[in-house]
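First the structure, in the form of structure tokens, and then the observations on it.
The values are calculated or read from the model by the stated rules, or taken from the named source; none is laboratory data. Given the structure is predicted, the values throughout are model-derived calculations rather than measurements. Ideal geometry is used to build each Cβ from the backbone, glycine not excepted, and the neighbour counts take in all protein chains shown.
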Amino acid sequence: MDRRRILIVAAAVVAALGAVLVFLYVRSADTRAEDQYQTTDVLVATVQIDPGETIDAAMGANKIVKKAVANGSLLADYQTDASNLSGQVALTTIYPGEQIVASKFGATQAPSSSLQIPKDQVAVSVNLTDPARVAGFVNPGSHVGIYMTGIDPETGKPFAQVLLPDITVIGVGSTTPVSTTTTDQSTGDQTTEQLPRTLLTLAVSPANAQKVLFAQGNGELAFALLPADGSTSIKAGAATDFDNLFK
């Protein structure tokens, strides 16, 4: 009899616990539904706001409007009134559609980082596809060899050759898709495709800067990433073409 009572009490406890869990789940679901359909009018950028631009100037230029945003999508420090940020400037670029948040504004603009260019060298940038920049493994501080591929204007033959054997990368910029058109040499058919290209900034001597800029304008550049321990070096030599490719 006692055992039966224990089982009955246990069953009642389990049932009560289940009821509580169901209640909490339903309540949580109701809250999520409310957040999904209930909105709050917050400040949202409609036009890009540049670093250093004041909130007052952005408001005056109609770059910011009030927009209803679902409660579940509100950012932590969203703003409903621009007066809270009066006199402050944007610390970073604010793009159209972004909520105006206090953390992106301050009393003074954040100082922009500057490139550390070695003495007696200059900085030049090249725009490379993912394969040409070693699939994204090249970072600031990396040492790379630079190769050029193109068509020899005297012979009309394609070639590949070392342009500079050891160059330091000092900056990696943004990646953007670029339309590239290639022509089939036998049929003349053209193919256009979107390829992501990334800006990479190099530290080179003024003389080598001329080589990089000329080569970039008259052919294609590609990097070969050198080991960090310096165990491998690249040596400039004769160009590779179909005459010596398999020798």
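Scanning the stretch 164-187 for residues being surrounded by 14 or more Cβ atoms within 10 Å (Cβ to Cβ) and either outside the structural domain of residue 137 (by TED's automatic domain parsing) or among the small types (Gly, Ala, Ser) (or both) gives a total of 1. When the stretch 35-66 is filtered for residues that are in contact with a helix residue (DSSP H, G or I) (Cβ under 9 Å, 6 or more places away or on another chain), touching a residue at least 40 places away in the same chain (Cβ under 8 Å) and of a type in the set (Val, Ile, Thr), the ones remaining, listed by number, are 40, 47, 49, 55. The set of residues from the stretch 124-151 being under 21 Å from the mean Cα position of the chain (by Cα) and among the small types (Gly, Ala, Ser) comprises 125, 132, 135, 136, 141, 142.
Residues of the stretch 188-247 that are exposed (fewer than 10 other Cβ atoms within 10 Å of the Cβ), under 25 Å from the mean Cα position of the chain (by Cα) and among the aliphatic types (A, V, I, L, M): 228 alone. All conditions but one from (1) in a helix (DSSP H, G or I); (2) of a type outside the set (D, E, K, R); (3) modelled with pLDDT under 95 apply to residue 155; the one that does not is (1). Does the stretch 90-108 include one or more residues that are surrounded by 13 or more Cβ atoms within 10 Å (Cβ to Cβ), among the hydrophobic types (A, V, I, L, M, F, W, C) and either touching a residue at least 60 places away in the same chain (Cβ under 8 Å) or out of contact with any strand residue (DSSP E or B) (no Cβ under 8 Å at 6 or more places or on another chain) (or both)? Within the stretch 90-108 (the criterion being surrounded by 13 or more Cβ atoms within 10 Å (Cβ to Cβ), among the hydrophobic types (A, V, I, L, M, F, W, C) and either touching a residue at least 60 places away in the same chain (Cβ under 8 Å) or out of contact with any strand residue (DSSP E or B) (no Cβ under 8 Å at 6 or more places or on another chain) (or both)), the answer is yes, since at least one residue qualifies. Candidates 144, 212, 124: the one that is at negative phi, touching a residue at least 40 places away in the same chain (Cβ under 8 Å), among the aliphatic types (A, V, I, L, M) and part of a helix (DSSP H, G or I) is 212.
Answer yes if at least one residue in the stretch 139-146 is surrounded by 14 or more Cβ atoms within 10 Å (Cβ to Cβ) and farther than 30 Å from residue 221 by Cβ, and no otherwise. Within the stretch 139-146 (the criterion being surrounded by 14 or more Cβ atoms within 10 Å (Cβ to Cβ) and farther than 30 Å from residue 221 by Cβ), the answer is no, since none of the residues qualifies.
Within the stretch 192-209, which residues are under 19 Å from residue 171 (Cα atoms) and either in a strand (DSSP E or B) or free of Cβ contacts under 8 Å to residues at least 60 places away in the same chain (or both)? Scanning the stretch 192-209 gives 196, 197, 198, 199, 200, 201, 202, 203, 204, 208. Surrounded by fewer than 17 Cβ atoms within 10 Å (Cβ to Cβ), over 22 Å from residue 117 (Cα atoms) and charged (D, E, K, R): does that describe residue 157? It is true that residue 157 is surrounded by fewer than 17 Cβ atoms within 10 Å (Cβ to Cβ), over 22 Å from residue 117 (Cα atoms) and charged (D, E, K, R).
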